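Any read-out appearing in this document is the output of simple, stated calculations on the displayed coordinates, not a laboratory observation. A quick note: this is a predicted structure, and the numbers were derived from the prediction, not measured. Positions of Cβ are backbone-derived with ideal geometry, glycine not excepted, and every protein chain shown enters the neighbour counts.
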């Protein structure tokens, strides 16, 4: 494009020699800047692809309740393996007053299950049961790192009663976020940058 009386008006045009699909800004007489993607083609931020729908708070709570029951079963199994008598007082046997060894073994078992399922299936057992999927926010399955970050807050339980209370507080905050956050992201969603949706339509 040259500086002649026939030069086009200022705007974005493809310049000879630039990569295909790129444009530069023509100020009416000279090229300005380097090649870039046409402004109208630049992707605008979007929470989710159109074919996905955010999971409702109710279904997410239901999935977490199912997950909790699975975690409780794992805790009982760990206690039995370690020879801990599981009586009427579950809080003392496998709860906040559980031994460090119990908590570590329980955490390893739960983390292995959760990370494996979320990274390969995009869902925990509770979410699978209720047809929910964890995504990276763009409709893709989360990475193993994201799956690990989602379960990371649970590692606080190895700190004993203090850690267990911290997990409960984070759980309460997450419950509130389910209803007030625009994308229904909980604390662990925000840490891992994930979004939970219904199964693809």
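Observations, loosely collected:
- Between residue 198 and residue 77, the FRET efficiency estimated from the beta carbon spacing at R0 = 25 angstrom works out to 0.20.
- Residue 61/residue 155 FRET efficiency (R0 22 Å; Cβ-Cβ; nearest 0.05): 0.45
- Segment residue 182-residue 162, extension gain: residue separation times 0.36 nm, minus the distance between their alpha carbons: 4.1 nm
- When you work out D = kT/(6 pi eta Rh) for segment 57-198 at 37 °C and 0.692 mPa s, using the Kirkwood radius from C-alpha pairs as Rh and the Stokes-Einstein form, the result is 212 µm²/s.
- Ranking of 56, 164 by count of other Cβ atoms within 10 Å, fewest first: 56, 164
- With the simple model of a label 7 Å out from the Cα in the direction of the Cβ, residue 144 to residue 16 spans 5.3 nm.
- In this rough spin-label picture, where each label sits 7 Å from Cα along the Cβ direction, the residue 70-residue 29 distance is 6.9 nm.
- Look at 71, 26 and count the other Cβ atoms within 10 Å of each Cβ; fewest to most, that gives 26, 71.
- If you plug the beta carbon distance of residue 108 and residue 36 into 1/(1 + (r/R0)^6) with R0 = 30 Å, you get a FRET efficiency near 0.05.
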